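Student: Sending over a structure as C-alpha cells; questions will come in a sec.
Only the coordinates and a few stated rules stand behind these numbers; no lab work does. Bear in mind that the values here come from a model prediction, so they are computed numbers and not experimental data. In this analysis, Cβ positions are derived from the backbone assuming ideal geometry, glycine residues included, and neighbour counts consider all displayed protein chains.
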Amino acid sequence: MKFQLADMSALAVRALGRMYRPADQIFAFRLRMPGDRDVLEGVSVRYTASVLIGLAGKPRELIADALHGQTAEDLCNRLIRNIDTTTNMGDVAQIAWAARLLDLPDAHRAMRRLLDLDPLSDRHPTVERAWALSACTAGSHIEHSLGERVAASLLEAHHPAYGVFAHQAPTARTGRLRSHVFCFADFVYPVMALADWGAAVGDDRALSAARSGANRMRDTQGPEGQWYWHFDARNGRIVEKYPVYSVHQDSMAPMALFAAGDACGEDYSNAIAGGMRWLLEPSEIERSLIDTDRDVIWRKVCRREPSKLTRSLQAGLSAMSAGWRAPGVDRIFPPTRIDFESRPYHMGWILYVWSEARMTHIGELLFGGKKHVSKEPVANAAPV
C-alpha cells in the first residue's frame, strides 16, 4: 500500500466523518476498532472545538464530509450556546479560538466566558493558558488586553536557561514526585501561542521564548525522529521517552515548529521531516502507525508494562536526584506495543497545520522528490 504525505488531509477528513455523532452534534472521545468495525466511545466538547479549529477556512465540501453535511459555523454556535455551562477553561479557550477563526458574531460570548474562568489563575495548566493566548491571537483582530496578561503568565512558566515550560505555573500546588515533570504538549502549545502572539504584536520576549522552546524541542528529538514524552523542567533533560504519540509526530511538533520558524526566521524543516519519517517507519515496531487498510492513524507506540510503571519510576527517581534514571527499562519494558485508538483532535490538528505548500516542502525532504512511500498495515502488531 502506498501512502503520500498529501493523503493525510483526506485521511483525516474520512476519519472525522467516522468519529462524528451527527444525532448529538458532537465528536466522540475516541474511535476503537476491535475486529473489523468502528466503535465510538464517549463524547468530547474539547475535541469538537479542536476539529473546528482545523476546519476553519477549509472548503465547504471538505467540512460537509467531516460533519455529515453540517457547517462548521452551526456546530461552533451550538458549542457557544452551551458555553455558560462549560466549566473547563481549556474547553472554553478552544471554543473561543475556533469561534474567532470562524469569525462568528457570538465569538465575544466565548471570550467573555474565558474571562469568567480567569485564564491567569495558577490552577490552570500551562497548555490551557497557551490555548487562551491562541484564542486572543486568532481571527481578524487581536485581543490585546487579555493577550498581554496571558502571554506574561506563560513567560513566567518559561525557564529560559533550558528553553522549557513548566507544566503548571510556578505558584501552583503540585505533587512532589511530579512537580518537576512536564510533557511534550507543554513545549508545543506555548511555543506556538507565543510565536503567533509575538509576531502579531511585536513582543520580543514572546519571540525569544518561542525560539528557545523550539530549539530545545529540536535538540531533544530522538535519533530516529521521535518526539519524546516527559522532561525535567529543572534542566530540560528527558525523564521518560515513551509513549511516542502519532499526533506529536505529524501535527503537534509541526504546529509549534512551523509557527516558531515563521515568526523567528528559523528553519526547523529537518526536525519536522524527521518526525514524519518516524511515523512512516517507526524503529520500535515493524509497521507504520498509518494504517492504510483501516484508514486510520493509530494513537501511539508504548511500552509493554503494567500501569505506566516506567513513567512513575523515572519521575520518582529524578525527583530525588535530577540525574537519576532507572537503567535497563528499554530491555525490561520494550516500547513495542501499539495503542489501537484514534481521537478527533489529532485529525483536527492535521488539518490545521498542513497547507499544500508545507506538505510539498516536507515531502521533498522526506522522499527526495519521490511522492510516496510503501508501507504495510499494522494488523499484526502487538495491541495495548
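Student: Using the Cα centre as the reference, give the magnitude of the dipole from point charges on the C-beta atoms of the chain (Lys, Arg: +1; Asp, Glu: -1; all else neutral), rounded to the nearest 20 debye.
Tutor: Details: 46 positive and 45 negative charges, 203 e Å.
Around 980 debye, computed over the chain.
Student: On to the next question. Quick one: Karplus J couplings for the stretch 236-247, per residue in order, coefficients 6.51, -1.76, 1.60, θ = phi - 60°, nearest Hz, x for Gly and Pro?
Tutor: x, 7, 6, 9, 8, 6, 10, x, 9, 9, 4, 5
Student: Under a Cβ-only charge scheme (Lys and Arg +1, Asp and Glu -1), can you give me the dipole magnitude of the stretch 148-254 about the Cα centre, in debye to the nearest 20?
Tutor: Details: 11 positive and 11 negative charges, 84 e Å.
Approximately 400 debye in magnitude.
Student: With every atom except the alpha carbons ignored, what do you get for Rg and Dmax of the stretch 40-103, in angstroms?
Tutor: 11.3, 33
Student: Could you give the nm distance between label points at Ile238 and Leu62, where each point is 7 Å from its Cα heading toward the beta carbon?
Tutor: So the two model labels end up 3.3 nm from each other.
Student: Shifting gears a bit: Highest first, please rank the peptides 206-216, 227-237 by the mean number of other Cβ atoms sitting within 10 Å of their residues.
Tutor: The peptides rank, most packed first, as 206-216, 227-237.
Student: Taking θ = phi - 60°, what integer Hz values does the Karplus form 6.51 cos²θ - 1.76 cosθ + 1.60 yield along the stretch 17-31, in sequence order, with x for Gly and Pro?
Tutor: Listing the rounded values in order: x, 7, 8, 7, 10, x, 5, 9, 6, 7, 8, 5, 6, 7, 10 Hz.
Student: Using the alpha carbon gyration tensor of the stretch 1-61, what are the three equivalent-ellipsoid semi-axes (square root of 5 times each eigenvalue), largest first, in whole Å?
Tutor: Sorted largest first and rounded, they come to 20, 18, 9 Å.
Student: Let me know the Kirkwood hydrodynamic radius for the stretch 12-118, please, with Cα pairs as the basis and the value in Å to one decimal.
Tutor: Mean inverse Cα-Cα distance, inverted, gives 14.0 Å.
Student: Starting from 0.36 nm per residue, how many nanometres of slack lie between Asp116 and Phe367 once their C-alpha separation is accounted for?
Tutor: Full extension of this stretch gives 85.5 nm more.
Student: Let me ask another. Could you go through the stretch 99-105 in sequence order and give the Karplus-derived ³J(HN,Hα) for each residue, using 6.51 cos²θ - 1.76 cosθ + 1.60 with θ = phi - 60°, rounded to whole Hz, and x for Gly and Pro?
Tutor: Once rounded to whole Hz, the list reads 4, 6, 5, 7, 6, 7, x.
Student: To continue, here is another question. Non-local amide H neighbours of Arg30 (under 5 Å, H modeled in plane, Pro and chain starts lacking H): which ones?
Tutor: Distant-sequence amide H within range of Arg30: Glu41.
Student: In Å, what is the Rg of the alpha-carbon atoms in the chain, and how long is Dmax?
Tutor: Rg and Dmax of the chain, Cα atoms, are 19.9, 56 Å.
Student: Let me ask something else. Would you kindly state how much longer the chain becomes between Asp204 and Asp330 on full extension, computed as 0.36 nm times their sequence separation minus their alpha carbon distance, in nm to one decimal?
Tutor: Numbers: separation 126, 0.36 × 126 = 45.36 nm, distance 4.13 nm.
Additional length available on full extension: 41.2 nm.
Student: While we're looking at this one, here's another question. Measure out, as a whole number of angstrom, how far apart the alpha-carbon centroids of the stretch 30-86 and the stretch 118-142 sit.
Tutor: The distance from the Cα centre of the stretch 30-86 to that of the stretch 118-142 comes to 21 Å.
Student: R0 = 35 Å: FRET efficiency of Thr87 with Asp219, Cβ-based, nearest 0.05?
Tutor: Calculated value: 0.40.
Student: Considering every Cα-Cα pair within the stretch 70-170, what fraction, in whole percent, is farther apart than 24 Å?
Tutor: Of all Cα-Cα distances in the stretch 70-170, 22 percent exceed 24 Å.
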